[in-house]
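Step one of this worksheet: look at the structure below.
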Amino acid sequence: MQKTEAVRHAEIAGAGIGGLATAIALAKRGWSVTVHERASTLRTFGAGIYIWSNGLRVLKALGAYEQATAGAHVGPQFHTRDHNNTTMEEIPINGPADARLITILRETLINTLVDVARQNKVEILTNSAATGATPEGELFLADGTVRKADLVVAADGINSAVRDSLDLLMYRKHLGYGAIRMLIPRAVGDVPASDTNRYIEYFTGTRRILYTPASATDLYVALCCSADDTAGLKVPSDRALWTESFPHLANLVARFGDAGRWDAFEVVKLKRWSKGRVAILGDAAHAMPPYLGQGGGCALMNGLGLADAVTGAEDVASALVDWEARERPMTEHTQDTAERLGDMNFWPDDIRSQVLKITGKSREIGAERMRTARHIPTAANLDV
Ligand SMILES: Cc1cc2nc3c(=O)[nH]c(=O)nc-3n(C[C@H](O)[C@H](O)[C@H](O)COP(=O)(O)OP(=O)(O)OC[C@H]3O[C@@H](n4cnc5c(N)ncnc54)[C@H](O)[C@@H]3O)c2cc1C
């Protein structure tokens, strides 16, 4: 039942993709919103990010699409290559019948969301760490303040303090794998000219290199390896070691910068996505390994879906239960598919190569993998 009343207020922990998207979506629906960010600035680290059609549709609905995608790289295909640099799979993208995929800098995405949030009168407080919440709608801050709200959103990332204060974690699974991410300038000669604009994931043994143009001038590189590959996960990365694994990428490896950030891949599942007036979303609720490039996409979709569910609802707590019922199946499909894709990290090269060359031709497997990208998010804008 719709309720017309005084402006409702939301307190959000975390100014990442999930928290900012939720803040914008709520503010656009008439809510007053305060976002608390633990860090002293709203800057993010140097890396690129893949955004598929589903995420682009949410950005459009938030009024963030034009700014976020200005200068984006739009690749023609996504290739998966084996240890001999032979293509195992080619995923067509951005054609008339394909899912869309663009890549941008994380900084561009966060800066855009911050700008759009402020244009919509969202208050963003830095140096403001949340420590917990109550189902009645209180958010506790590290400085001892208690903030009261009609809705509290925990978007405080994989180590969410707010989630844990409510005992909502079902499990957190370490996948024994991770990545170092870095940004370097694009240059001629890293890969053959025919590959320059492609997105390419190269496999050798348990190591992968992900090659991602992220603008006309920026190249995003992810070096992925097992969490016990102590030589592989060293930052600055060991160029001799990575050249030995990927001799066909020697030019690129020689240009690796000294900066880089290692993140281990994990899966997070919750008992419930809400308790009373508190909703949990983004990595705090549904972290996943990045093999589909959809962790951020799911945070965007669930933030918009959340704002749609609670706006005008008589009872915020039951609207949050409905929100979870509507959104969780697609998110769990995405998490489970991404987790399965990681299994092949540990397969012998020849077997992985043979299997992927066969599965890469399967329409059914391809459709399952693209289901999230092709999904029409709740309340999203379709004309992108
Ligand atoms: C290697 C790698 C590659 C990836 N590639 C992609 C990709 O290409 N496409 C994609 O869609 N997704 C990708 N992802 C996933 C994506 O980055 C995450 O799903 C997304 O960033 C989650 O956003 P979030 O807002 O939930 O959390 P976060 O980005 O973690 O943001 C949480 C925010 O909360 C703040 N915070 C933390 N604790 C507190 C507190 N107690 N109080 C207040 N603030 C707090 C943090 O400082 C941070 O700003 C990738 C992930 C990894 C690891």
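Numbers at a glance
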quantity: Whichever residue in segment 283-316 is more than 25 Å from residue 343 (Cβ to Cβ), of a type in the set (Gly, Ala, Ser) and outside any helix (DSSP H, G or I) and, among such residues, is nearest to the ligand (Cβ to nearest atom); calculated: 313
quantity: Per-region count, segment 198-238, residues over 21 Å from residue 101 (Cβ atoms), open to solvent by less than 40 Å² (accessible area, probe 1.4 Å) and among the small types (Gly, Ala, Ser); calculated: 5
quantity: Candidate set from segment 14-49 (those that are buried (at least 24 other Cβ atoms within 10 Å of the Cβ) and farther than 30 Å from residue 139 by Cα); member that is nearest to the ligand (Cβ to nearest atom); calculated: 49
quantity: Among (1) farther than 30 Å from residue 25 by Cβ; (2) in contact with a Gly (Cβ under 8 Å, 6 or more places away or on another chain); (3) open to solvent by less than 60 Å² (accessible area, probe 1.4 Å); (4) away from the ligand (no atom under 15 Å from the Cβ) - the single one residue 150 does not satisfy; calculated: (1)
quantity: Residue count, segment 43-67 (criterion: modelled with pLDDT under 95 and under 16 Å from residue 115 (Cβ atoms)); calculated: 2
quantity: Segment 64-84, residues that are open to solvent by less than 50 Å² (accessible area, probe 1.4 Å) and not in a strand (DSSP E or B); calculated: 64, 65, 68, 69, 72, 75, 82, 83
quantity: Selection status of residue 147, in a strand (DSSP E or B), at pLDDT 95 or above and farther than 25 Å from residue 259 by Cα; calculated: yes
quantity: Given (1) open to solvent by 50 Å² or more (accessible area, probe 1.4 Å); (2) more than 16 Å from the ligand (Cβ to nearest atom), index of the condition residue 195 fails; calculated: (1)
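The values are calculated or read from the model by the stated rules, or taken from the named source; none is laboratory data. Since we're looking at a predicted model, the values are computed, not measured. Glycine also receives a Cβ, built like all others from the backbone with ideal geometry; neighbour counts cover every protein chain displayed. These area figures cover heavy atoms from the full protein model, side chains too; ligands, DNA and RNA do not enter into them. Shrake-Rupley method; radii C 1.70, N 1.55, O 1.52, S 1.80 Å.
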